[in-house]
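*Asks:* Supplied in structure tokens, the structure appears directly below.
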Amino acid sequence: MRVLLVEDDDRLADALTTALTERGHRVDRVTRADEGLRLKDGADFVLLDLLLPDMHGLEMLRRLRRVSAVPVIVLTALTEDRTVLQGLRAGADDYLTKPFKIMELLARMDAVARRVPRGGGNGGSSPATSVVAGDVTIDLPAREVCVAGRSIALTRREFDVLALLAREPGVVRSREEILDAVWGDAFLAASRSLDVHIRGIRAKTGRPDLIRTLRGAGYRLGVD
């Protein structure tokens, strides 16, 4: 796997490059956001620091998400909840606060990579189908959502949450089940990320009842 490492800390970058190379990955390391954006094509994974010399990492992430769905894990010394939420909303697949253990990063990369759809597939074993909820159409194989005939742009993880509920519309999914299926960790410390993604789905579709919350039980698709 080709990993694009956008990190201006030489000591950390050297340690990550060594660990990733030992795992069989090819690492392209840059220190600036503009260099990362130039090298984005062909990258299978991006590790992105937020405090870069030329541009805030969140701005790079927003620009990257306009043209690419490559998996991104944000690495940063910033610990404020607001920054974490901004990273998730901008399209990060996961978030690690420095200092972190390299083995934890590798495990999270593996978890994200297992859930990234290959070749436009839906990433699961369910048959290709579309699900209709009111005026919302969820095309699972194409990974597209339309509201009243208009295409809506969801992040990959937002779509993964919605698709999980859509594959069995009448089934209630617990928080732990969703976190395990989409994030690969039923006890994810930053489980508030699920709330962020559900709010994002509701806001972007303009259909607050598309995902219904069942207090104490979980969530289901808003299909009666």
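*Asks:* How would the stretch 2-115 be classified by its alpha-carbon gyration tensor: rounded, prolate or oblate, with rounded meaning a/c under 1.5 and the a/b versus b/c comparison settling the rest?
*Replies:* rounded
*Asks:* While we're here: Give me, ordered by chain and number, the residues 5 or more places off Val27 or on other chains with an amide H under 5 Å from its own placed amide H.
*Replies:* Under 5 Å from the amide H of Val27: Val3.
*Asks:* I would also like to ask the following. Please name whichever of Tyr219, Val147, Val182 sits farthest to the positive end of the charge dipole of the stretch 130-221, dipole taken about the Cα centre and charges placed at Cβ: Lys and Arg +1, Asp and Glu -1.
*Replies:* Result: Val147.
*Asks:* Under a crude label model (7 Å from the Cα following the beta-carbon direction), how far is Arg66 from Leu214 in nanometres?
*Replies:* 4.2
*Asks:* Which value, in debye to the nearest 20, gives the size of the charge dipole of the stretch 2-115 about its Cα centre, when Lys and Arg are +1 and Asp and Glu are -1 at the Cβ? The partial results should precede the final answer.
*Replies:* Values: 19 positive and 20 negative charges, 92 e Å.
So the magnitude is around 440 debye.
*Asks:* Further, regarding this structure: Extension gain Met103-Arg199, at 0.36 nm per residue separation less the Cα-Cα distance, in nm? List each step's numbers first, then the result.
*Replies:* Working: separation 96, 0.36 × 96 = 34.56 nm, distance 3.13 nm.
So the chain would gain 31.4 nm between Met103 and Arg199.
Values in this text are rule-based calculations from the coordinates and carry no lab data. As the structure is a prediction and not an experimental result, all values here were calculated from the model. Note that we place each Cβ from the backbone using ideal geometry, even for glycine, and neighbour counts take in every protein chain shown.
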